[in-house]
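Input: a single structure, listed below in structure tokens.
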Amino acid sequence: MSPAQPARRQFGHGRADKSGAPTGVLNIGQVLAELSVDFSNITASKIRFLEEKGLISPQRTPAGYRKYTAEDVERLRFVLGLQRDQYLPLKVIRDYLDAIDRGEKPENLPEGVSISPRMVSDELLTQLNGQARQLTLEQLKKQTNAGSQLIQELVSHGLISAVDDRYDDYALKITKACVQLQEHGIEPRHLRPFRAAADREFSLVETAIAPVASRKDVASRARAADAAREISDICLSLHSALVNGQIARMDR
């Protein structure tokens with residue numbers, strides 16, 4: 001499980017909450033009983049297969065028996081539902097789950113498919129359901145220690161923007177970085193090449209994924225989004241290596 005994934009909650013033994021959902025540690029027989037209501041063909045072998053593919057990671061007792069939590073059950077329900085109703089391959093479903101575990105909203109989640117509150121923490125669920133932080137100008141200033149002039153300059157140079165007078169998490173991260181750069185004498189006007197470079201990089205990514213992105217099916221859109229992130233990460237690594245390589249030469 002990735003470090004960004006919310007910590008598993010601690011449960012009792014097979015109890016249920018008021019809604020009837022399991023809130024305790026379950027054995028595989030109890031998990032089958034929970035899921036068979038909606039998935040009549042579910043078997044222990046199928047659950048173990050999904051575990052082998054890394055879609056769930058149940059805890060183990062000292063004797064080696066699997067212990068399933070409410071999160072495990074909901075992840076299984078999520079996987080089985082996407083397989084049965086959307087005919088999605090496990091690779092695409094795992095990409096969705098990996099995004100959830102990283103604290104991201106899965107790209108192109110099929111219409112009508114939602115993320116269960118028991119899969120993630122309440123705070124993360126709020127973000128995944130499209131209710132990510134939307135900051136007012138005053139909140140942005142308070143959380144970044146940025147002055148009004150700096151924020152105005154960031155907006156004027158196209159580094160951040162507001163929608164309905166609200167700033168998103170990316171604006172927050174950019175502003176924080178620019179506050180730190182300002183301490184080194186680097187002003188927003190010096191950062192226009194970053195905006196231009198980001199636009200060129202995005203165009204490069206768009207071109208690279210165009211053959212897949214042009215397809216309209218859900219699986220293709222998910223693969224295109226995953227490829228875009230991968231290419232972007234590679235570009236960032238290349239950029240970092242080029243800059244750090246120049247810095248390294250300063251000591252020679």
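The values are calculated or read from the model by the stated rules, or taken from the named source; none is laboratory data. Please read all numbers here as calculations on a predicted model, not as lab measurements. All Cβ positions, glycine included, derive from the backbone under ideal geometry; neighbour counts span all protein chains shown.
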Worksheet, complete the sentence: Being part of a strand (DSSP E or B) and of a type outside the set (A, V, I, L, M, F, W, C) narrows K91, K67 down to just K67
Worksheet item: Do we find that L140 is modelled with pLDDT of 90 or more, farther than 22 Å from H239 by Cβ, surrounded by 13 or more Cβ atoms within 10 Å (Cβ to Cβ) and in contact with a helix residue (DSSP H, G or I) (Cβ under 9 Å, 6 or more places away or on another chain) in this structure?
Response: yes
Discussion item. Considering only segment 21-41, I want to know if a residue exists there that is in contact with an Asp or Glu (Cβ under 6 Å, 6 or more places away or on another chain) and part of a loop (DSSP other than H, G, I, E, B).
Written reply: yes
Discussion item. If I filter segment 39-73 down to residues being of a type in the set (S, T, Y) and crowded, with 20+ Cβ neighbours inside 10 Å, which single residue comes out as farthest from the chain's Cα centre (by Cα)?
Written reply: Y68
Worksheet item: Looking at this structure, is A177 outside the structural domain of C235 (by TED's automatic domain parsing), over 22 Å from the mean Cα position of the chain (by Cα) and of a type in the set (A, V, I, L, M, F, W, C)?
Response: no
Discussion item. Which condition from (1) buried (at least 18 other Cβ atoms within 10 Å of the Cβ); (2) among the hydrophobic types (A, V, I, L, M, F, W, C); (3) closer than 19 Å to E187 by Cα is the one that L135 breaks?
Written reply: (3)
Fill in: Identity of the residue in segment 162-177, charged (D, E, K, R), surrounded by 12 or more Cβ atoms within 10 Å (Cβ to Cβ) and out of contact with any helix residue (DSSP H, G or I) (no Cβ under 6 Å at 6 or more places or on another chain), that ends up nearest to H190 (Cα to Cα)
K173
Worksheet item: Does any residue of segment 189-209 turn out to be surrounded by 12 or more Cβ atoms within 10 Å (Cβ to Cβ) and in contact with a Lys or Arg (Cβ under 8 Å, 6 or more places away or on another chain)?
Response: no
Response to the item:
Checking G81, G54 in turn, the sole residue that is under 26 Å from A225 (Cα atoms) and part of a helix (DSSP H, G or I) turns out to be G81
Practice prompt. Please verify whether segment 12-35 includes one or more residues that are under 30 Å from D169 (Cβ atoms) and either at pLDDT below 80 or of a type in the set (G, A, S) (or both).
Written response: no
Worksheet item: Can L159 be described as outside any helix (DSSP H, G or I) and surrounded by 14 or more Cβ atoms within 10 Å (Cβ to Cβ)?
Response: yes
Worksheet, complete the sentence: Every listed condition ((1) farther than 24 Å from V92 by Cα; (2) free of Cβ contacts under 8 Å to residues at least 24 places away in the same chain; (3) part of a loop (DSSP other than H, G, I, E, B)) holds for Q152 save (3)
Worksheet item: Taking the condition closer than 21 Å to D95 by Cβ, buried (at least 16 other Cβ atoms within 10 Å of the Cβ), modelled with pLDDT under 90 and acidic (D, E), does D217 pass?
Response: no
